[in-house]
Each structure stands twice: as C-alpha cells, then as structure tokens.
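Here the structure comes first, spelled out in structure tokens, and everything after it is commentary.
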Ligand code: F6P
C-alpha cells in the first residue's frame, strides 16, 4: 500500500475534519503512505477531482465542523445523473471511478459516510476496490458500532437549545416544542431530551398519541407547573398513522427536510388544550454545523487512526467501529441497511420514564 484516497459523502457532520486529519497524519508519519482527498464525495472520484493531503493541509482543522473536502448528498455513482446527447439520464458510472483510482495509483479508499455513502462503498468493495468505511452521522443510526461521530456534537446543540427554551417557557408559561433531526431513529431526541430535561420525548420507535401528550401537560399543570418542553424527532409517528406526520403536512416531494411535525403538533395540541400557548422551534441544520465537541474530536481521531491500522493490516471491505469502548471493525456487508433504532426496552428509555418523561404513549 502506498497511496490512500479519502472522501466524505452524504450530509456533513462535526468530526469529518478530525477524521481526515487523523488518517492523513497517521498514514504519513506511521507508514509513509501518500494521501489524497477527493472533493464533493463520490462526484470527485468520478471527475478525478482531488487535492493532495499532508500535515500542512490538515493543520488547524481538528475542531471545525463541515469538511475541507466538501460533500455531496445525492451522488451515487451506481445510479448517476449524466448528460448524453443533450439528455439527462441515470447510469452506472462506477467503472470510471475505478479507472480513476487506478490512474492515480490509489490502493485504498477511505469513505466517511452514513448508510447511503457506505452502501456505495460496499458496492465498490464488491468490484474489488480496497475500501474502509468510517461511521458518520449525527443521527447515530448505523449498526455494528456503539456510536457514530457527529452524534455527540449534535446532542450538545440540542441540549443548549433546550436549556434556552426552558427559561423562556417558564417566563411565559408556555409549551415549547423542539423539532430535532432523526429521520429514522430517535437517538438525538432521546439523549438530548434526557440531558436537557424535556417533559415529553417523541421518537420514531414509539408512536405517540395526542392523548398521551395532553395527559402529561395536564399532570404538570395540576402540580402547579404551567410550562412544558416537548422534544420531537422529525421522523416521529402518530399512533395508527402510516406516514410520518411531516410527510402528511407537506406537499414537498422531500418534506422530511422541511420540518413540519413540530408545527403540526403545536396546532393539534393547541386545539386540545386551549388555555396553553404553544410555540415550535425547528433546530434543523444548526445540529450539523459549528464546532466539533471534545468527545467527537477524540472519537473521530480514534476512528481515523484505526482506519490506517486496518490498511496496514490489509483488512478491507470493512468499517471501523467502537464496541464496548474498544476500537474494532465490522464488515460493510453486515452494516448496511440495518437502521439502528432505539431499543424501546433499553436502559435509557427506563431512565427517562423513571424521571417522569412521557413518550406520548
Ligand atoms: O442523516 C442526517 C440528517 O441530519 C437527517 O436527520 C436529516 O433528515 C437529513 O440529514 C437532512 O439532510 P439534508 O438537508 O442535508 O438533505
């Protein structure tokens, strides 16, 4: 092995730069490998658009959110939009990417991504490319690892927002709703909800009923607490509802991105408890930006070093993983498509319920 290519795919996330930095530094100083970074994820691989990475180019980026390599959310080279004879068509252009890797003499591709990006990584592995994945997503919904990088930073942002909402909720005796990310899993809402002392936590794994939420708000009022805080995952579902509420309330073809469940809840609940005022906040992409938390800087750095160790050991087609506090790896084939959700019988759910948190059941 002499040359490593790195790319960052899918939605950005705090910790991407920390991984890029760790891989680059360790690859050069521990093994004397060369490192290049493809720009805009797989698109850079297709266009052979890359920059050389060295100690200089990764200096000063450890704490910064985003990615110095840029990212792209939609570029799947196995189903890629190209223009042919003036027409836009989708086709498999993965051979071009493989040819580009060969042309540059890249022996290993390190892919930082969530489920979609790592699915492509798995597909490149099947084509014979030496691939190593690094588990990225603020949603923490990748399997075979205890935690993905970026999750902790996002939780910090949400907890900060909950602290702020508490003071204004208390001043105005209002019910404050905070809509957070988590399309398919409620990790962010659950962790931040407990750490930020939410009264109601709504997650995709536990369908809610308005009755359940109303009961909690009324119970607090009867105890003389005239305000409440609700944190809701964007992917939360109402009991009996087949679609997520945000899909129902928006006409957009991609409504999950626009938010909506928080607004819908505010309107529904206002109808049920007219003597309370409701306000909704959609935290959105604030959860993905800014400074990387200390925990994520450390985790991302460990993931980066572990990736280089796998390269040196000649282990490919896998993803670095954290299991029981130790760095290890899992095969990409076993990671993909699993959608790790919150176990509703887990300790954290019990912890929340023990504190009196309602899941709107
Ligand atoms: O996968 C992470 C995530 O933050 C989801 O929770 C959210 O639905 C999505 O990305 C939004 O991504 P974008 O707006 O970049 O398409």
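Every number in this text was worked out from the coordinates using simple rules, so none of it is lab data. Predicted model, so just to flag it, every value in this text is computed and none were measured. All Cβ positions, even for glycine, are placed from backbone atoms using ideal geometry, and neighbour counts span all protein chains on display.
Some notes on this structure:
- The angle between the Cα long axis of helix 151-172 and the main principal axis of the chain comes to about 20°, on a 0 to 90 degree scale.
- Residues considered: 48, 130, 85. Largest GNM mean-square fluctuation over the chain, using C-alpha springs under 10 Å, is found at 85.
- The order of the peptides 146-159, 86-99, 26-39 by mean Cβ neighbours within 10 Å, most packed first, is 146-159, 26-39, 86-99.
- Ordering of 49-55, 192-198 by burial proxy (mean other Cβ atoms within 10 Å per residue, highest first): 192-198, 49-55
- When only Cα pairs below 8 angstrom with a gap of at least 6 residues are kept, the chain shows a relative contact order of 22 percent.
- Mean separation of Cα contacts under 8 Å (6+ apart) over length of segment 56-101, as relative contact order %: 25 percent
- Taking every DSSP bridge with both residues inside segment 77-195, close to 45 percent are antiparallel.
- Full-stretch length increase - residue 56, residue 2 - with 0.36 nm per residue and alpha-carbon distance subtracted: 17.5 nm
- In this simple spin-label approximation, residue 91 and residue 298 carry label points 7 Å from Cα along the Cα→Cβ vector, and these lie 5.1 nm apart.
- Cα centroid of segment 59-76 to Cα centroid of segment 172-201, whole Å: 27 Å
- At R0 = 56 Å, FRET efficiency that the Cβ-Cβ distance of residue 84 and residue 164 yields, to 0.05: 0.60
- Descending semi-axes in Å of the chain, equivalent ellipsoid built from Cα gyration tensor: 41, 22, 17
- Among beta bridges from DSSP that stay inside the chain, the antiparallel ones total about 30%.
- Within the chain, helix-based [θ] at 222 nm, where runs of 4 or more DSSP H residues each add -39,500 (n - 2.57), nearest 500: -11500 deg cm²/dmol
- Of 287, 341, 222, the residue with the greatest mean-square motion in the GNM of the chain, using alpha carbon springs below 10 Å, is 222.
- Order of 275, 211, 107 under a 10 Å beta carbon neighbour criterion, fewest first: 275, 211, 107
- By the count of neighbouring beta-carbon atoms within 10 Å, fewest first, 13, 318 end up ordered 318, 13.
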